[in-house]
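The values are calculated or read from the model by the stated rules, or taken from the named source; none is laboratory data. On a predicted model such as this, the values are computed, not experimentally measured, just so you know. Virtual Cβ from ideal backbone geometry, glycine too; neighbours counted across all protein chains shown. Each accessible area value is taken on the protein alone, full model and side chains, heavy atoms only, with ligands, DNA and RNA left out. Shrake-Rupley method; radii C 1.70, N 1.55, O 1.52, S 1.80 Å.
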Amino acid sequence: MKAYRNLSKEELLSLKARLEKEFEEAKGKGLKLDMSRGKPSVAQLDMGMDIFDVLNSGSGMTSLEGVDVRNYGVLDGLTEAKHMMADIMGVSAENVIVYGNASLNIMYDAVSSAMTHGVMGCTPWCKLDKVKFLCPAPGYDRHFSITQHFGIEMITVPMTPQGPDMDMVEKLVAEDASIKGIWCVPKYSNPQGYTYSDRTVRRFANLKPAAKDFRIFWDNAYSVHHLYDEEERQDKILEILSECEKAGNPDMVYEFASTSKISFSGAGVAAIASSKKNLDCIRKTLTIQTIGYDKINQLRHVRYFKDFDGIKAHMRKHAALMRPKFEAVLKVLERELSGTGIGEWTRPNGGYFISFEAMEGCAKAIVGKCKEAGVTLTGAGATYPYGEDPRDSNIRIAPTYPAPEELALATDIFVLCVKLAAVEKLLEQVWGIAA
């Protein structure tokens, strides 16, 4: 396929006329398709409905240690639930506290507690002149929303296929004591689907931050979310908590995980893993914050999945539903855009997203055109701190939620909008012809 930049003015104008006609036809269909967030599909949710059958009015409601899950007590989670979440994160159960249904709540609480009460005896962040966070980008918009909510200055760190630019991370955290943390989605990252290399993980573990209260916020959102059953196609990653212990930095990391995209997004189980000192500080706050999280739901999950093999078997069912959707999107992108020079995209082995890099200055136009044609995407810029993509090029594609027939329509429209936005940009840049 001929690169768009090599087309003559006449060829671009002719292509623009054809694409505009197709675009008007697409708008006339009155579609309402949603690819805005990485949500499990209805079929994915339906396949886990039998989790509700493991507990009923006749079920034994005591844990393995004899705890009545209907009553007060066990503030930091059932022992068997700790083991379940530890297996998902690849850590020891003694390093785990189990919370409610969403890991985002735990992350928010960790930042909020640091702001008001400090981290392990350090000055509360709210009493400091300046607090900064490193934000690998493209990244997870909800992470950035938390730090922005608290008025924390966010510093963009470029992402690479091996993880964040570690030269930049090491330099910044060593020189600036006002940098208190970094957001990470280390496996099948949101949105690119990258997995941090062993070298990157070890460099994280060996950081020498100027701030004693610097913490790595390590979000294991997709740790077991493979798209392929073959082990050679499943990304592997070193476990950061044990690497930090080896490096003499046992307290430097908070790990987070949940079953939100394993069981139910609205009724899962979430947890944090960290050092004993960090967990002891967290427990002191929990005694004031709550009388305990939903132990019935914890017991339900443990009895349903039984062990880590049960979780992996369930995730293979998810993959069987998700994989064809990812492959269908990638097939269209390859067929329609390869060789055009107007877009690049990731080909992840897991997670929930495909990251698309459009021509510089085109992302907002593409998202806007898609909306006109009835396809809702995540807002352009959302994958960067403050919603500001400096190149206006990154778009997050979420293939999981739409039905297959809807996904085919949505992808065709997306590609159409990519082509039209690129033609308009080239006509303006090269030939001075405004859209």
Original post:
Full extension from Arg70 to Ser197: what is 0.36 nm times the residue separation minus their Cα-Cα distance, to one decimal in nm?
Top reply: 41.4 nm
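On alpha carbon coordinates alone, what is the Rg over Rh value for region 291-435, Rh being the Kirkwood radius?
With Rg and the Kirkwood Rh in hand, the quotient comes to 1.12.
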Subject >> Mean ellipticity per residue at 222 nm, deg cm²/dmol - from DSSP H runs of n ≥ 4 across the chain, formula -39500 (n - 2.57) >> reply: -13000 deg cm²/dmol
**OP:** Please say if region 7-156 is rounded, prolate or oblate, where rounded means a/c under 1.5 for a ≥ b ≥ c the square roots of the C-alpha gyration tensor eigenvalues, and otherwise the choice is prolate for a/b larger than b/c and oblate otherwise?
**Re:** oblate
Original post:
Which value, in Å², gives the accessible area per residue of region 311-406 when a 1.4 Å probe is used on the protein heavy atoms?
Top reply: 38
**OP:** Specify the residue with the greatest mean-square fluctuation among Ala273, Ala137, Ala43, computed from a Gaussian network of the chain linking alpha-carbon atoms under 10 Å apart.
**Re:** Ala43
**OP:** Enter the Cα centre distance for the pair region 150-168 and region 378-415, rounded to the nearest angstrom.
**Re:** 21
Original post:
Which net charge results for the neighbourhood of Ala257, defined as the other residues with beta-carbon distances under 13 angstrom from its beta-carbon, given Lys and Arg at +1 and Asp and Glu at -1?
Top reply: -1
Subject >> Whole-Å distance, taken between Cα centres, linking region 70-104 and region 112-133 >> reply: 26
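In the chain, carbon and sulfur make up what percent of the accessible area (probe 1.4 Å)?
Taking all protein chains in place, the chain shows 50 percent carbon and sulfur surface.
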Original post:
Taking square-rooted eigenvalues a ≥ b ≥ c of the alpha carbon gyration tensor, is region 171-289 rounded, prolate or oblate, where a/c under 1.5 means rounded and, failing that, a/b exceeding b/c means prolate?
Top reply: oblate
**OP:** Please sort 379-390, 178-189, 94-105 by packing, taking for each peptide the average over its residues of neighbouring beta carbons within 10 angstrom, highest first.
**Re:** 178-189, 94-105, 379-390
**OP:** Between the alpha-carbon centers of region 1-38 and region 295-364, tell me the distance in whole angstrom.
**Re:** 25
Subject >> Gyration tensor (alpha-carbon) shape descriptor, region 219-313, a/c threshold 1.5 >> reply: oblate
Original post:
In nm, to one decimal, how far is the Ser57 label point from the Met120 one, both placed 7 Å along Cα→Cβ?
Top reply: 5.0
**OP:** Would you tally the net charge around Asp309, using a Cβ to Cβ cut-off of less than 12 Å, leaving Asp309 out, and scoring K and R as +1, D and E as -1?
**Re:** +1
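If we sort 401-408, 363-370, 427-434 on the protection proxy, mean other Cβ atoms within 10 Å, highest first, what's the order?
363-370, 401-408, 427-434
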Subject >> FRET efficiency, 1/(1 + (r/R0)^6) with R0 35 Å, evaluated for Lys331 and His149 via beta carbons >> reply: 0.35
Original post:
Once you list every other residue whose beta carbon is under 11 Å from the beta carbon of Tyr386, what net charge do they have if Lys and Arg are +1 and Asp and Glu are -1?
Top reply: -4
Original post:
In nm, to one decimal, how far is the modelled label at Ser14 from the one at Lys29, with both set 7 Å along Cα→Cβ?
Top reply: 2.6
Original post:
On a 0 to 90 degree scale, rounded to 10, what angle separates helix 276-289 from the longest Cα axis of the chain?
Top reply: 90
Subject >> Average projection area in nm² (convex hull over Cα atoms of region 121-196, one quarter of hull surface) >> reply: 5.3
Subject >> Order by protection proxy (mean Cβ within 10 Å, highest first), peptides 55-62, 111-118 >> reply: 111-118, 55-62
**OP:** Kindly report, to the nearest 10 Å², the accessible surface of Arg303 as traced by a 1.4 Å probe over protein heavy atoms only.
**Re:** 80
